[in-house]
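The values are calculated or read from the model by the stated rules, or taken from the named source; none is laboratory data. Everything numeric here is computed off the predicted structure, so don't read it as measured data. Cβ placement follows ideal geometry from the backbone for every residue including glycine, while neighbour counts extend to all protein chains displayed. With ligands, DNA and RNA removed, areas are computed over all heavy atoms of the protein, side chains included. Shrake-Rupley method; radii C 1.70, N 1.55, O 1.52, S 1.80 Å.
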Amino acid sequence: MSERNKSKIGQYEFLAEPFHVDFNGRLTMSVLGNHLLNCAGFHASDRGFGIAELNEHHCTWVLSRLAVELKELPRKGEPFSIQTWVEAVYRLFTDRNFAVLDKRGEAIGYARSVWAMIDMETRKPVDLIAVHHGRMAEYVTDKACPIEKPGRMKVAATESMAQYVTKYSDIDINGHVNSIKYIEHILDLFPIETFRRKRVRRFEMAYVAESYFGDRLDFYCDEEMDGNEYKVEVRKANRETVVRSKVLFV
């Protein structure tokens with residue numbers, strides 16, 4: 001990779017704090033997810049198209065899809081880093097990738113994400129080609145991300161396996177349920193014995209609609225591959241789909 005392309009990649013350092021790990025002593029998926037989104041924000045801000053700059057023009061970023069694939073998660077007390085870069089910019093979406101590196105600098109996971117930019121007042125998408133004086137495409141790099149892109153997910157289940165009413169701690173600065181909170185609620189569907197015997201190999205999220213404080217969410221789940229793969233759809237009480245997810249355990 002050229003030096004010019006290397007300069008387009010952001011790298012950010014972290015520590016697996018004791019209050020960021022689960023009972024196995026490994027970083028939780030939700031904390032990792034928050035770190036990924038923070039890195040996306042740092043990288044965008046450093047290049048002039050972060051949230052603060054966009055808000056001045058009444059725009060913001062919206063996460064559309066996320067796929068995370070992991071060999072392992074950092075242990076309690078271990079330093080690790082996350083790299084992020086822009087793979088492609090289209091008119092309505094942009095592809096952003098990530099690499100999770102252990103304390104030796106070796107990749108232990110990758111992630112792919114798809115983002116849209118919307119007008120905060122109309123909630124309609126913004127033309128990315130025109131944003132930032134058309135310079136966003138200058139940050140595209142050819143660094144490889146060796147995992148599959150997020151796929152299509154369809155859940156056949158007709159009976160809800162769980163319900164949840166959204167609360168104060170679910171709501172983010174935009175006034176709707178934080179995208180990472182859905183990851184927590186979906187993983188909470190599984191008994192703790194699952195996490196004693198297995199780990200999450202791949203986690204996919206497709207964000208379809210927003211939910212708000214006090215919404216009742218119903219969780220529908222299909223089990224596949226002898227209990228190792230699950231597809232989950234989260235719907236509001238009015239049956240509107242909010243998110244779809246796929247969880248693969250090993």
Quiz item: Is the shape of segment 118-186 best called rounded, prolate or oblate, per the rule: a/c under 1.5 gives rounded, else a/b larger than b/c gives prolate, else oblate, with a ≥ b ≥ c the square roots of the Cα gyration tensor eigenvalues?
Solution: oblate
Practice problem: Figure the gain on full extension for residue 122 and residue 13 (residue separation times 0.36 nm, minus the Cα-Cα span) and round it to one decimal in nm. | Solution: 35.6 nm
Practice problem: Mind putting together the pair-distance distribution for segment 75-222? All Cα pairs, 5 Å bins, whole percent per bin, short to long. | Solution: 2, 7, 12, 15, 17, 18, 15, 9, 4, 1, 0
Practice problem: Assign unit charges at the C-beta atoms only (+1 for Lys and Arg, -1 for Asp and Glu), then state the dipole size of the chain relative to its Cα centre in Debye, rounded to the nearest 20. | Solution: 400
Quiz item: Per q in 0.10, 0.14, 0.18 1/Å, what log10 I(q)/I(0) does a Debye calculation on the alpha-carbon atoms of segment 1-150 return?
Solution: -0.36, -0.69, -1.06
Quiz item: Each label point is 7 Å from the Cα along the Cα-to-Cβ direction; what then is the distance between the points at residue 184 and residue 240, in nm?
Solution: 2.3
Quiz item: Accessible area per residue of segment 186-230 at 1.4 Å probe, in Å²?
Solution: 52
Self-check item: Spacing of the two label points (7 Å from each Cα toward its C-beta) at residue 157 and residue 173, in nm
Solution: 3.4
Practice problem: If a/c stays under 1.5 just call it rounded; otherwise compare a/b with b/c (prolate if a/b is bigger, oblate if not). Do that for segment 92-155, with a ≥ b ≥ c from the square roots of the Cα gyration tensor eigenvalues. | Solution: oblate
Quiz item: Counting only residues 5 or more places away or on other chains, whose amide H sits under 5 Å from the amide H of residue 108 once H atoms are built in the peptide plane?
Solution: 100, 101, 102
Quiz item: Of 47, 235, 201, which is the most mobile in a GNM of the chain whose springs link Cα atoms less than 10 angstrom apart?
Solution: 47
Quiz item: How much of the accessible area of the chain, probe 1.4 Å, is carbon plus sulfur, in whole percent?
Solution: 51
Self-check item: Set of aspartates and glutamates near residue 124 by C-alpha distance (under 16 Å), chain-local residues within fewer than 8 positions excluded
Solution: 210
Quiz item: Using θ = phi - 60° and the Karplus form 6.51 cos²θ - 1.76 cosθ + 1.60, what ³J(HN,Hα) does each residue of segment 24-40 get, whole Hz, x for Gly and Pro?
Solution: 7, x, 10, 3, 7, 4, 5, 5, 4, x, 4, 4, 4, 5, 5, 4, 4
Exercise. For segment 181-195, take each phi angle, set θ = phi - 60°, evaluate the Karplus expression 6.51 cos²θ - 1.76 cosθ + 1.60, and give the result in whole Hz per residue in order, putting x for glycine and proline.
Key: 4, 4, 4, 4, 5, 5, 5, 5, 5, 9, x, 4, 4, 4, 7
Self-check item: Value of Rg/Rh across the chain [Cα atoms, Kirkwood radius]
Solution: 0.96
Quiz item: Tell me, what are the semi-axes, in whole angstrom and largest first, of the equivalent ellipsoid of segment 46-113 as set by the roots of 5 times the Cα gyration tensor eigenvalues?
Solution: 28, 14, 10
Quiz item: Taking the Cα-to-Cβ direction at residue 195 and at residue 46 and moving 7 Å from each Cα, how far apart do the two end points lie in nm?
Solution: 3.1
